[in-house]
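First comes the structure, then the notes that go with it.
The values are calculated or read from the model by the stated rules, or taken from the named source; none is laboratory data. Since the model is a prediction, treat every value here as computed from it, not as a measurement. All Cβ positions, glycine included, derive from the backbone under ideal geometry; neighbour counts span all protein chains shown.
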Amino acid sequence: MLSYSIKVRSVDSGSPSQSVETSFNITLNDINDQPRALQLSNYKVTENAPLNTVVGNLSASDEDKGQKLSFSLVDDDGGKFALDSKGGLYKAKSTDYETSAVHYVVAKVTDNGQPALSVSDCKNSSYVEYPRVSSWQNTL
Ligand SMILES: [Ca+2]
Ligand SMILES: [Ca+2]
């Protein structure tokens, strides 16, 4: 909780003028701020990677100290992706580069403030699937 102290003086127009001075303490109450900077650590995965392969991890920040953030998927591209309890995005169904080279997922982060606030992000959540090529496999 932040607190400010201000001093107010009022002066009349009499002669001689009289004045009175009083101090006030103004207290700022914290309100819940929206989480922000929702990000996915990696967007690329090899096609035919085994189920449960983690593509990347979601992360976000929140100005409010000590709040717990939880992640969920608004759009999991037909159930192809899911989240583990730590915000890891993993493959839940098999995928095929020749059928679809880019998948679209929308993630959401929610804090545990009162009221709970959330942010969802799709602009950074497309994830690109690469053909199974040996040079790519080593990067995963
Ligand atoms: Ca706040
Ligand atoms: Ca918050």
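Would you check which residues across the range 90-108 are part of a loop (DSSP other than H, G, I, E, B), of a type in the set (Val, Ile, Thr) and crowded, with 16+ Cβ neighbours inside 10 Å and list them? Step through it out loud before you land on a result.
Start the filter on the range 90-108 by keeping residues that are part of a loop (DSSP other than H, G, I, E, B), which leaves 92-101, 105.
Adding the requirement that they be of a type in the set (Val, Ile, Thr) leaves 95, 99, 105.
Of everything in the range 90-108, those that are part of a loop (DSSP other than H, G, I, E, B), of a type in the set (Val, Ile, Thr) and crowded, with 16+ Cβ neighbours inside 10 Å turn out to be THR95, VAL105.
Can you list residue pairs whose Cβ atoms sit under 9 Å apart, with the first residue in the range 1-27 being among the basic types (Lys, Arg) and the second being modelled with pLDDT of 90 or more? Count only pairs 6 or more apart in sequence or on different chains.
LYS7/GLU21; LYS7/THR22; LYS7/SER23; LYS7/PHE24; ARG9/SER19; ARG9/VAL20; ARG9/GLU21; ARG9/THR22
Kindly establish whether LYS86 is away from ligand 2 (no atom under 16 Å from the Cβ), assigned to a loop (DSSP other than H, G, I, E, B) and basic (Lys, Arg). Can you show your working first?
Values: away from ligand 2 (no atom under 16 Å from the Cβ): yes; assigned to a loop (DSSP other than H, G, I, E, B): yes; basic (Lys, Arg): yes.
Judged against the criteria, LYS86 is a match.
Counting only residues that are within 16 Å of ligand 1 (Cβ to nearest atom) and over 20 Å from the mean Cα position of the chain (by Cα), which one in the range 16-67 is surrounded by the fewest Cβ atoms within 10 Å (Cβ to Cβ)?
Of all residues in the range 16-67, those within 16 Å of ligand 1 (Cβ to nearest atom) come to 27-37, 60-67.
Filter again for over 20 Å from the mean Cα position of the chain (by Cα), leaving 27-29.
Details: THR27: 8, LEU28: 9, ASN29: 6.
The selected residue is ASN29.
Report yes if SER59 is within 24 Å of THR110 (Cα to Cα), within 16 Å of ligand 2 (Cβ to nearest atom) and small (Gly, Ala, Ser), otherwise no.
Criteria met by SER59.
Evaluate the following for ILE26: is it under 29 Å from GLY113 (Cα atoms) and either modelled with pLDDT of 90 or more or not in a loop (DSSP other than H, G, I, E, B) (or both)?
Details: under 29 Å from GLY113 (Cα atoms): yes; either modelled with pLDDT of 90 or more or not in a loop (DSSP other than H, G, I, E, B) (or both): yes.
So ILE26 fits the description; yes.
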